[in-house]
Structures are given as structure tokens and as C-alpha cells.
1. Calculate, in nm to one decimal, what residue 300 and residue 53 gain on full extension: separation in residues at 0.36 nm each, minus their alpha carbon distance.
2. If we count every other residue with Cβ under 11 angstrom of residue 119's Cβ, Lys/Arg +1 and Asp/Glu -1, where does the sum land?
3. Can you tell me what the convex hull of the Cα atoms of region 122-191 projects to on average, as an area in nm²?
4. Please list the equivalent ellipsoid semi-axes of region 217-358, computed as the square roots of five times the alpha-carbon gyration tensor eigenvalues, in descending order and whole angstrom.
5. So what is the relative contact order of the chain, in percent, for Cα pairs below 8 Å that sit 6 or more residues apart?
6. If packing is taken as the mean number of other Cβ atoms within 10 Å per residue, what is the order of 8-14, 270-276, highest first?
7. Principal axis extents for region 226-268, Cα atoms only, whole Å, descending order, please.
8. Kindly put 76, 121 in sequence by how many other C-beta atoms sit within 10 Å of each C-beta, fewest to most.
Amino acid sequence: MSDEGITGRKADHLRLAIDDDVEVPLGSDGAFSGLRLVHQALPELDLADVDPSVTFLGKRLAFPLMVGSMTGGTAEAGEINRRLAEACARVGVGMFLGSQRVMLERPETTETFRVRDVAPEIPLVANIGAVQLNFGVTARDIRGIVDAVGADGVVFHLNAAQEAVQPEGDTRFAGLADKLADAVAAVGVPAGVKEVGAGLSRAAVERLAAMPLAFLESAGRGGTSWTLIEGMRAPKASDRRLGALFADWGIPTATSLLACVRWGRGIPVIASGGLRHGLDGAKAVAAGASLTAMALPLLRAAARSVDDAEAELLAFRDAFVTAMFLTGARTVADLRRVPLWIDPALDPDAPERAARAR
């Protein structure tokens, strides 16, 4: 790692995500292969009449996609954030910012997260690691980073596996749930909680659902592996081995999504974790998600240009609308009611039943 502390780590993360193979190996069908939509030969609607629009945090999205949390804190990351935000503004979707802890430690990095001038109307969500509440970060601090970038809300990310593998990771997670509940209630803007790619169990969902959350993001195993990335950037061979060992750690994307839908007490669910195109998005919505979030393909596209990021977003929309049409869903609400085949192995109750049987 470079000797620039947190900004060096940010640069490492960005370089590895753009240039290296950092995804959980799942085969050609990807994270949503265990979900199958049912084709309707008589959809009884015209393709032109499909309406994929939704609302999030009081703002309209042209289709139910948010750019997933990714980056910030360096000049290159700032340019990528601006390209992503401009692409979002062009097509009418929203954006989660990358972790803003660096703003608290190095306020001069704030500009790398500021995108409102290029995307004044999009839903924009700030981001902080929940574990930082155990290191002295307060609700007032968090409200400060929200206001500094003009965000509409904030997401607290949970990343125990990443922190455990990261050589300089923050692993003091004891007592965090109560502090998180207090912060969510006190921050003064809509707040959500997400995993970063290891998923949410039933126990975690039930604990989180007791908080006054505006959304849950399921972020299961199936996309970018932050444990793998941390291992790849570790200077010690033992840490690299640990990262590789836990590269595919976590709850599968579809299982985490179903747990959030089933036990989230009606809190809107954002599906993520290996989302790669609009067909994945349609499957996720049919499984009960209100929105979806996609990161890595958009990061790599934005590293090239705004136009490439826009093209990736439009390709997602086209596939999503096509899936709606082929399932007879005129609206996103209709899509949430269409038939969906779910691999029984992905049932979030299955691992707990197996554990109880032993």
C-alpha cells in the first residue's frame, strides 16, 4: 500500500477494481442465476406502454437503478464520481457515494465527492462505515458530510469481513447495533443500511428492521469481493492468503435479498451484489426489491468516459424494460407480482433449518 494512509487505500481500491479480476467466481449466469422469470407469450400490452419509473427519497427515477457505492477521496476518484453523476443526470437515475470517512480525516478531499453541480436533481446518498460509530464518529459528524455534498440521505455500510481482512482494518464491532440505531434516529435525514457484499442474514435483518430505516440494501455475495481486494493489496503473504480464503465468503445475493424482503417489515429493499444488467434487475424486483444498485460495470465504464457510463445505464434500462414486457408487467409494481421461480437452495430459511437439524 502507498504511504498516504486512507487516501492511499482509496487509490489501491480504485486501481484494483478497474484493472483486476475482483469478482466472486460464479460462472456465466452470475449472482441471479437461481431466479427465473416466467415468460408470457401473451403479455397483453405494448412494449411502448411499459413504464419502469419509480420514486426514491421523494424523487423520480426513470427506472429502478442506483449507481452503487464506490469511490472518492482521490483526484481520479473525484473525476469518476463526476462522470457517474453526469451520466445519472442524463438518464434519470440516482447515485450512492463511496465511503466518506476520508472527509472526516482529510477535509480537503470533500471536493472529490461533490457532484451536485453536474447532477442537481438526482437522488444522491452519502455513505459512512457503521463501525466508525465505535471510533468516535457522531450523528452530527455524519450530518455534516451529508450536508457538505448536498445529499438526500445517508447509508451506513456494514463490512465486518472486509475490515477483518484489511491489514489496517477497524474490527471493533461490539455494541455497534445500539449505536447504529441511535445514529439512524438522530442523523436527521433518511437513513439506510447496506452490506458491502457478504449479505444480510435473517438475524441481521430482524435487528435492522427494528430501526427507523428508509431502506435496506441487501448486497449479497456474488459481485465484487472486498475481502479479495483487501487481500490483493496486502503487503504480507499471510494477509494475501487470508483475503483469498475469504474471497467468496458470505450469504448469496438472492438469499440476502429474500431475507430482507421476508423479514424487513416492509422497509424498501435495494437489491445489489453482482447485479450486472437489467435482466438481473428485473429478477430482483420480481423477488420483492423496490430498487436495484449496480457498481463495478459502471465504475469501469466511467473510468473511460461519461458517454460509456451513460451507455451502460441505458443498456440496463433496455434489458429491464424488455423483461417487463415479456412478463406482462406494465409498471414496476406489476413486476413485483409476476411469477418467479426461485431455486430452493437459495431459501434464506434453508441454512438455519440445516443448522438446527445437526
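Readers should treat all values here as calculations from the given coordinates under stated rules, not as data from a laboratory. These numbers were taken from a predicted model, which means no experiment stands behind them. Heads up, the Cβs are rebuilt from the backbone with ideal geometry, glycines too, and the neighbour counts pull from every protein chain shown.
1. Fully extending the segment from residue 300 to residue 53 adds 86.4 nm.
2. Summing Lys and Arg as +1 and Asp and Glu as -1 gives +2.
3. Over all viewing directions, region 122-191 projects a mean Cα-hull area of 4.9 nm².
4. 28, 25, 10
5. Relative contact order comes out at 22 percent.
6. Final packing ranking: 270-276, 8-14.
7. The principal-axis extents, from largest down, are 44, 14, 10 Å.
8. Lowest count first: 121, 76.
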